Every structure is written in C-alpha cells, then in structure tokens.
Amino acid sequence: EAGVTQFPSHSVIEKGQTVTLRCDPISGHDNLYWYRRVMGKEIKFLLHFVKESKQDESGMPNNRFLAERTGGTYSTLKVQPAELEDSGVYFCASSLGTGYNSPLHFGNGTRLTVT
Amino acid sequence: DAKTTQPPSMDCAEGRAANLPCNHSTISGNEYVYWYRQIHSQGPQYIIHGLKNNETNEMASLIITEDRKSSTLILPHATLRDTAVYYCIVRLGGSNYKLTFGKGTLLTVNP
C-alpha cells in the first residue's frame with residue numbers, strides 16, 4: 001500500500017508570505033495528524049482530524065496556522081503569514097483508528113524554511 | 001502520560017543485537033509502551049508496542065519488566081540501516097491519540 005505522502009518535500013519562503021503544505025494519508029485511514037519539529041526542539045503534536053472534523057487542535061501554535069481536510073481525504077496546512085520561528089519540518093501521519101493497535105504512519109515531512 | 005527516560009546515545013556493531021533501554025517508572029496500568037524510530041531525513045516509523053507481555057514482530061522484540069517500570073527494545077541483528085533515533089513513548093491506548101516525543105536515543109550501528 002502507498003504510504004503517507006507529503007508535498008512539497010522542501011519549501012523556502014520569505015517572512016510574511018503564505019505557504020500551503022499538503023498531506024495524502026494512507027487510503028482508508030480516517031485519522032490524520034499534523035506534527036512538527038522546529039529548530040532544536042522535539043517533535044510536537046499540532047492537531048488531529050477524524051475524517052473531515054478536527055478532533056483535537058490543542059497543539060496549533062496560533063491563528064496563523066489553518067488546517068483543513070475537506071471531504072475527509074487529503075489535508076492541507078496553511079501558514080499565513082509565515083514567521084521565522086515557523087521554520088522546521090512538518091510531519092503528517094495517519095492511522096486506521098485511535099486504539100492501541102492503530103499505530104501512526106508518518107510521511108517524510110515537509111522542510112519549511114522561512115527567511 | 002508517563003514520563004520516559006532514555007540514554008541519549010548508544011553504539012552497536014553491525015550484526016550484533018542492539019538493546020535499547022527505557023525507564024517509565026510512573027506508568028499507569030492502562031498505558032502502553034510504544035517504540036518509534038526516525039532515520040535521518042525520514043518521518044518517524046512505528047516499530048512495536050506492548051502493555052505487559054513481551055512482544056515480537058518482524059522488526060524487533062519488546063521486553064517489559066514485570067513491574068512495568070522499564071522496557072528494552074531489542075534489534076536482534078542490527079544493520080547499518082538501523083542507525084536512527086529511537087523513541088520510547090508511553091501512551092493511553094484509547095482515543096485522542098497524541099504522541100509525546102522526547103529526545104530519544106541515537107543508535108549508531110558501526111561496520
């Protein structure tokens with residue numbers, strides 16, 4: 001089966017610009033997650049979708065970040081306007097369920113650099 | 001979630017077993033132990049999980065002590081491709097699935 005795919009793999013933008021990251025989960029996975037690792041820090045949870053609904057967005061840093069999952073398939077994460085501290089690697093993951101036997105499958109991430 | 005403690009780094013010779021320890025002394029009865037790893041420039045990869053019994057799959061074995069306060073991930077025959085950061089995560093097995101990654105253990109497999 002195809003894994004979680006993320007696009008683009010790298011993005012370099014200037015401060016104040018807008019960037020949209022895309023994630024295609026594994027087919028049939030209702031649960032989709034966004035995580036990120038900013039410079040020198042640990043990987044942190046951002047939010048969790050169940051189908052098209054946001055289940056938990058407690059990790060979203062501020063209102064410059066907007067995640068959507070229209071139709072319950074792929075998801076986008078928009079950063080507008082981007083700031084220098086948003087630089088890092090953004091990971092998307094998906095899972096079949098949320099129980100103990102449903103591990104997360106991660107994509108390879110989008111490396112975002114804000115200059 | 002219970003806090004986990006792992007050594008920051010370990011070395012292992014290629015072909016030998018790699019034993020990665022994790023302490024989770026505050027684990028509660030319904031929390032599972034999960035192991036993920038991150039190979040450079042890739043996303044985290046699920047390895048194995050367990051509650052109280054030892055577990056084995058095609059990638060690794062997980063040994064959990066009887067009191068559940070610590071565990072060991074075993075890669076039976078480490079290869080160079082197993083060089084990665086390994087994360088031990090304790091998590092409730094229910095909903096609101098939100099992993100807390102710590103600093104993990106950098107395992108370096110040497111030829």
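The values are calculated or read from the model by the stated rules, or taken from the named source; none is laboratory data. Here the structure is a predicted model, which means the values were calculated and not measured. Backbone-built Cβ (ideal geometry, glycine too); neighbour counts: all protein chains shown. Side chains are part of the model used for accessible areas, which takes the heavy atoms of the whole protein and leaves out ligands, DNA and RNA. Shrake-Rupley method; radii C 1.70, N 1.55, O 1.52, S 1.80 Å.
Residue check, A:MET60 against (1) part of a loop (DSSP other than H, G, I, E, B); (2) buried (at least 17 other Cβ atoms within 10 Å of the Cβ); (3) in contact (Cβ under 8 Å) with a residue 40 or more places away in the chain, all met but one. Which one?
For A:MET60, the exception is condition (3).
Quick test for you: out of A:LYS51, A:LYS41, pick the one residue that is over 27 Å from B:ILE39 (Cβ atoms), open to solvent by 30 Å² or more (accessible area, probe 1.4 Å) and either in contact (Cβ under 8 Å) with a residue 12 or more places away in the chain or not small (Gly, Ala, Ser) (or both). Before you say what the answer is, go through the steps one by one.
Details: A:LYS41 fails: over 27 Å from B:ILE39 (Cβ atoms).
Unique residue meeting the criteria: A:LYS51.
For region B:33-44, how many residues are surrounded by fewer than 19 Cβ atoms within 10 Å (Cβ to Cβ) and modelled with pLDDT of 90 or more?
Total meeting the criteria: 3.
Restricted to region B:45-86, and to residues that are among the polar types (S, T, N, Q) and part of a loop (DSSP other than H, G, I, E, B), which residue is surrounded by the fewest Cβ atoms within 10 Å (Cβ to Cβ)? So that I can check it myself, show each step before the final result.
The first filter runs over region B:45-86 and keeps only residues among the polar types (S, T, N, Q), leaving B:45, B:53-54, B:56-57, B:61, B:65, B:70-72, B:79, B:83.
So of that shortlist, the ones also part of a loop (DSSP other than H, G, I, E, B) come out as B:53-54, B:57, B:65, B:79, B:83.
On the way: B:ASN53: 8, B:ASN54: 12, B:ASN57: 11, B:THR65: 12, B:THR79: 13, B:THR83: 19.
Of everything passing the filter in region B:45-86, B:ASN53 is surrounded by the fewest Cβ atoms within 10 Å (Cβ to Cβ).
Could you list all residues from region A:6-33 that are more than 21 Å from A:PRO81 (Cβ to Cβ) and of a type in the set (S, T, N, Q)?
A:GLN6, A:SER9, A:SER27, A:ASN31
Give the residue that is surrounded by the most Cβ atoms within 10 Å (Cβ to Cβ), with candidates limited to residues of region A:18-36 that are assigned to a loop (DSSP other than H, G, I, E, B) and either acidic (Asp, Glu) or touching a residue at least 40 places away in the same chain (Cβ under 8 Å) (or both).
Restricting attention to region A:18-36, the residues satisfying the condition of being assigned to a loop (DSSP other than H, G, I, E, B) are A:18, A:25-30.
Filter once more, keeping what is either acidic (Asp, Glu) or touching a residue at least 40 places away in the same chain (Cβ under 8 Å) (or both): A:18, A:25-26, A:28-30.
Details: A:THR18: 11, A:PRO25: 26, A:ILE26: 17, A:GLY28: 8, A:HIS29: 17, A:ASP30: 16.
Ranking the candidates gives A:PRO25 first.
Within the group A:LEU104, A:LEU84, A:LEU112, A:LEU66, which residue is open to solvent by less than 10 Å² (accessible area, probe 1.4 Å), farther than 17 Å from A:ILE26 by Cα and either touching a residue at least 12 places away in the same chain (Cβ under 8 Å) or within 14 Å of chain B (Cβ to nearest Cβ) (or both)? Spell out the reasoning first.
On the way: A:LEU104 fails: farther than 17 Å from A:ILE26 by Cα; A:LEU84 fails: open to solvent by less than 10 Å² (accessible area, probe 1.4 Å); A:LEU66 fails: open to solvent by less than 10 Å² (accessible area, probe 1.4 Å).
Of A:LEU104, A:LEU84, A:LEU112, A:LEU66, the one residue that is open to solvent by less than 10 Å² (accessible area, probe 1.4 Å), farther than 17 Å from A:ILE26 by Cα and either touching a residue at least 12 places away in the same chain (Cβ under 8 Å) or within 14 Å of chain B (Cβ to nearest Cβ) (or both) is A:LEU112.
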